[in-house]
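This report refers to the structure that appears directly beneath it.
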4 protein chains.
Amino acid sequence: MSGDIRVGVLGSAGKVGQAIVAAVEADDDLTYSVGVDKGDPLESFTDSETTVVVDFTHPSVVMDNLRFLIHNGIHAVVGTTGFTDERLDTVRGWLAENPGVGVLIAPNFAIGAVLSMRFAAQAARFYDSVEVIELHHPHKADAPSGTAYRTAAMIARARAEAGVGPSPDATTEELDGARGAVVDGVHVHSVRLAGLVAHQEVLLGTEGETLTIRHDSLDRTSFAPGVLLGVREIGDRPGLTVGLDELMDL
Amino acid sequence: MSGDIRVGVLGSAGKVGQAIVAAVEADDDLTYSVGVDKGDPLESFTDSETTVVVDFTHPSVVMDNLRFLIHNGIHAVVGTTGFTDERLDTVRGWLAENPGVGVLIAPNFAIGAVLSMRFAAQAARFYDSVEVIELHHPHKADAPSGTAYRTAAMIARARAEAGVGPSPDATTEELDGARGAVVDGVHVHSVRLAGLVAHQEVLLGTEGETLTIRHDSLDRTSFAPGVLLGVREIGDRPGLTVGLDELMDL
Amino acid sequence: MSGDIRVGVLGSAGKVGQAIVAAVEADDDLTYSVGVDKGDPLESFTDSETTVVVDFTHPSVVMDNLRFLIHNGIHAVVGTTGFTDERLDTVRGWLAENPGVGVLIAPNFAIGAVLSMRFAAQAARFYDSVEVIELHHPHKADAPSGTAYRTAAMIARARAEAGVGPSPDATTEELDGARGAVVDGVHVHSVRLAGLVAHQEVLLGTEGETLTIRHDSLDRTSFAPGVLLGVREIGDRPGLTVGLDELMDL
Amino acid sequence: MSGDIRVGVLGSAGKVGQAIVAAVEADDDLTYSVGVDKGDPLESFTDSETTVVVDFTHPSVVMDNLRFLIHNGIHAVVGTTGFTDERLDTVRGWLAENPGVGVLIAPNFAIGAVLSMRFAAQAARFYDSVEVIELHHPHKADAPSGTAYRTAAMIARARAEAGVGPSPDATTEELDGARGAVVDGVHVHSVRLAGLVAHQEVLLGTEGETLTIRHDSLDRTSFAPGVLLGVREIGDRPGLTVGLDELMDL
């Protein structure tokens, strides 16, 4: 549906919003229609004939935004957090009443992060061992990262479904913390280093061979290509889509 | 179909054959039935009630082997090279007459190599740039490696199908060879280094992020887990299967 | 000599100059005295009691700058290019007449690049094989990079001095360019990939083990810590110093 | 002193001893004289005019071995563990009485491990942050590895001597173990993965750049080149030398 996609941005004055506006404007197939910030009327989107809205706002306002958009036939690409199962069901209800509308809600728009999680989960059942190393700048407050938690959970589920047992580990003498944290049975190591941005490595191994899937995010605009991918595809996917990978035909 | 799988090995006295025999014997679910080498009668397989035969032999004998196996209702897992389209068609013809039999023919049984090629091809259309670095011991005669050729071809096909253009490259001043070889439009670099075995890295990049898929093969038995996977699955897949990944439910 | 270092910057309005001014101002031990740009009088440095001047300007003006600074007893840290042996001799002559003054001229101020070149050269004679992979953004015009040329030259010299022969290589069948460019007998591979900035990996290998020295430069300010190191040390090193590593007590 | 070096091996029937005998025999400059195992007389070394003996035995016998060797004018290269300061002083005493004899005692003969520890220590004071990741096969009982402990200790000492503070770390919310073990103030992460052998990565970072020093030991003979280096050099270094790096002219 390229060519006629008119893209509006919620929170267009914020840091993330500005980056999305810039990415839309730099794209030949998309047209930036209007930005809406705190205090601006949502009607700007209907007035400007916007076809897709990107929402990176706040859990306290995102449901009101989505109700307006869906009821006005506007597709949405949402990076705002805080979607419980209950909230997702509410969105599904609105979409059932407006069957032509598509909404994408995703916790992560970095294509490389999405791909590496999926590949890790797919590969996990073919290997005896799997561990995760995530590496970030030293200003990060939490360890492991949210992406590492999700990656470990996806790996654990894939291994459980395939009936694969735990990774072998003969450690009997461990200095406290050496073997990392354990998330759903998967060892996760968190490195904090000046000069780094956001990186993750999944290591898989079996006798005689290893497979490493590494994702490096070198600046904070790495979500932009994923958002544009969502904007281009969501018009052709009516209903609710959760997770960018569902749009990627993998 | 685990439990009753009786595995025969063609070329059981060779280096690869010995490794496969050892792997079968070490596996709780499989039973080693018999080995057949140059001069031995293929009837040993029927006499020993073998259900699956592994063939890592030679292009000059593999077709005779397959005709015998298929006509006697024995499944086959084949790592022998030299399968032209014509040969594949011949095998399909034999299988059409023996509809319960399954044959797997694969150029590569290293699970990590198979996975990394597939992941590279899946990811290739989401990135502006992709290059391949393969690294091997210094006794290797050919550069790039066969796996690197196949990887580049799969990447190129995936990008062509998605309508992705060539990787950007502003090089105007190049010392001969610096930018590597070009296989189907993909730059491939071959490192030869004492201490290495067989390794490959696919690098994919777009503004602000990169994805790296690396496979390390640390000894020569890394084909064994893939062969066993084929042995376990081929009985449930009648007809011809080309490529280990087709059996992997990816 | 920390505490009393008053730092002036030549070319302070340019991109590099601005980054240096910012780095000096952010440093507790240094005081920014004055910036001098095209058209401004060099006397600003003497008027402001500047003790060290940083010069990232142009080959056409750097010699005039240095003559003024040396004759006025001001130390200099120089990243400007174009220093021939003849120019270095001229600078040495001026310094001989002004024995208290120190001048540092260096082709590279990224500490990691300097360290990795030196470590590569130190390690090179203990390994059978060595190759260099440099990886940059796709807007770079030349391949290999200047740093890769210097690294290969340093490795080659170290191996020659130790009487180490060429890296083993059994390649007989090569697709044009696969084995990279050859700089002083060392194979160098140049990767160009969107999402990268400036990276280099030196791989050394001998039977059973490899050593990898990798440098990642993630933004363009990575020269700043090296410049500040030079500024702090040069006052205690009268005469001409060529190369940042000479100041690093390695 | 190549050409006339006659090398004896203590513990020549053991796994390590056999590898050393094989390496000596494969070297053009060295001659294998005799092997001595449990129960064999040490006089075999004097009878065979051995000039250098390699000792990879046991703490319970190594002191008797060294006394014999030193008093008979035979140089020694020792990989046996358990050398306390007291034992080292005893050896120094014997050497003082036999001034022409050289003894090398080293905890690690893998040249890459020795180089990477040294480079890490040299680089450590130029970076804000440093962490260590060591990766081994899953049969290893202790975590971190002995090499990682020594590496962290060397890094910590270098940083203390240079007055560098601790690596920055804003972690306030940590899942137990995520940030690894802490050895002398340095975070160390231990990965255990099927398919790996023995690997270590030191990551150093400062604003905008990182340096990574990685050592991969791919088989168990990686100590051999270091032992041969010791054998060749120790005859020219009378007295006690502790650590292979002292012989490497770094």
Checklist entry - In degrees, nearest 10, range 0 to 90: what is the angle between the Cα axis of helix B:15-26 and the longest Cα principal axis of chain B? => result 70 degrees
Next on the checklist: Skipping prolines and chain starts, which residues have an amide H placed within reach, meaning under 5 Å, of the one on C:Gly243, given they are 5 or more residues away or on another chain?
Outcome noted: C:Ile105, C:Ala106
Checklist entry - Chains C and B: how much accessible area gets covered up at their contact, both sides added, probe 1.4 Å, in Å² to the nearest hundred? => result 3200 Å²
Checklist outcome for this item: Highest GNM mean-square fluctuation among C:Ala141, C:Ala120, C:Ala106, for chain C with Cα springs under 10 Å, belongs to C:Ala141
Item to check | Descending principal axes extents, region B:81-144, alpha-carbon based, whole Å | outcome: 46, 36, 21
Checklist entry - Over all pairs of distinct alpha carbons, what does the Kirkwood formula give as the hydrodynamic radius of region D:1-116, in Å? => result 14.5 Å
Next on the checklist: For region C:109-177 and region B:166-232, what is the centre-to-centre distance using only Cα atoms, to the nearest Å?
Outcome noted: 19 Å
Item to check | Base-10 log of normalised Debye intensity for the protein assembly as shown (one unit scatterer per alpha-carbon) at q = 0.05, 0.09 Å⁻¹ | outcome: -0.37, -1.15
Checklist entry - Where the only charges are on Cβ atoms (+1 Lys, Arg; -1 Asp, Glu), what is the dipole of region C:91-250 about its Cα centre, to the nearest 20 debye? => result 500 debye
Checklist entry - Spin-label point model (7 Å from Cα, Cβ direction): what's the A:Ala141 to B:His139 distance in nm? => result 5.7 nm
Checklist entry - So if R0 is 41 Å, what FRET efficiency would B:Thr90 and A:Glu161 give, r being the distance between their Cβ atoms, rounded to the nearest 0.05? => result 0.60
Checklist entry - Considering only Cα-Cα distances, which of the following residue pairs are longer than 26 Å: B:Lys140/D:Lys15; A:Lys15/C:Lys15; B:Lys15/D:Lys140; D:Lys15/D:Lys38? => result B:Lys140/D:Lys15; B:Lys15/D:Lys140
Item to check | On Cα atoms only, tilt of C:85-97 relative to the major axis of chain C in degrees | outcome: 40 degrees
Item to check | Inter-probe distance in nm under a simple model that places probes 7 Å from Cα toward Cβ, at B:Glu97 and B:His71 | outcome: 0.7 nm
Checklist entry - For region D:74-116, what % of the accessible area comes from carbon and sulfur atoms, probe 1.4 Å? => result 50 percent
Checklist entry - DSSP loop chymotrypsin sites (Phe, Trp or Tyr not before Pro) in region A:74-178 with at most 11 other Cβ atoms within 10 Å of their Cβ, which ones? => result none
Checklist entry - In sequence order, what are the phi-derived ³J(HN,Hα) couplings for region C:157-172 according to the Karplus relation 6.51 cos²θ - 1.76 cosθ + 1.60 with θ = phi - 60°, rounded to whole Hz, with x for glycine and proline? => result 5, 4, 6, 5, 4, 8, x, 7, x, x, 4, x, 6, 9, 4, 10
Next on the checklist: Placing +1 on the Cβ of each Lys and Arg and -1 on the Cβ of each Asp and Glu in chain B, which of B:Val183, B:Val77, B:Ala141 has its Cα farthest towards the positive end of the resulting dipole?
Outcome noted: B:Ala141
Checklist entry - When each copy gets a label point 7 Å from Cα toward the beta-carbon at A:Pro168, what are the spacings between them in nm, shortest first? => result 3.0, 4.3, 4.7
Checklist entry - For label points placed 7 Å from Cα toward Cβ, what is the shortest-first list of nm distances from B:Asp219 to its copies? => result 1.0, 4.7, 4.7
Checklist entry - For region A:111-218, with the dipole built from +1 on Lys and Arg beta-carbon atoms and -1 on Asp and Glu ones, taken about the Cα centre, which of A:Ala194, A:Thr206, A:Val164 lies farthest toward the positive end? => result A:Ala194
Item to check | Shape box of chain C [Cα atoms, principal axes, largest first, Å] | outcome: 67, 39, 33
Checklist entry - Dividing the convex hull volume of the alpha carbon atoms of region A:111-218 by its residue count, what do you get in Å³ per residue? => result 109 Å³
Next on the checklist: Rounded, prolate or oblate for region C:150-198? Axes are the square roots of the Cα gyration tensor eigenvalues, ordered a ≥ b ≥ c, and the cut-off for rounded is a/c under 1.5.
Outcome noted: oblate
Checklist entry - What whole number of Å gives the distance from the Cα centroid of region D:25-89 to the Cα centroid of region B:88-107? => result 64 Å
Item to check | 1.4 Å probe accessible area per residue over chain D, in Å² | outcome: 39 Å²
Checklist entry - Once the Cβ-Cβ distance between D:Thr172 and C:Asp219 is put in as r, and R0 is 25 Å, what FRET efficiency do you end up with, to the nearest 0.05? => result 0.40
Next on the checklist: For chain B, take the longest principal axis of its alpha carbons; what is the angle in degrees between that and the long axis of helix B:59-71, to the nearest 10 within 0 to 90?
Outcome noted: 50 degrees
Next on the checklist: To the nearest 20 Debye, how big is the dipole of region A:165-243 about its Cα centre, given +1 on the beta carbon of each Lys and Arg and -1 on that of each Asp and Glu?
Outcome noted: 500 debye
Next on the checklist: Tell me the carbon and sulfur percent of the accessible area for region A:126-191, rounded to whole percent, probe radius 1.4 Å.
Outcome noted: 50 percent
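The values are calculated or read from the model by the stated rules, or taken from the named source; none is laboratory data. Just so it is clear, the model here is predicted, and its values are computed rather than measured. FYI the Cβ positions are ideal-geometry reconstructions off the backbone, even for glycines, and counts take in every protein chain you see. Ligands, DNA and RNA are stripped out before the accessible areas are found, and what is left, the full protein with its side chains, is counted by its heavy atoms. Shrake-Rupley method; radii C 1.70, N 1.55, O 1.52, S 1.80 Å.
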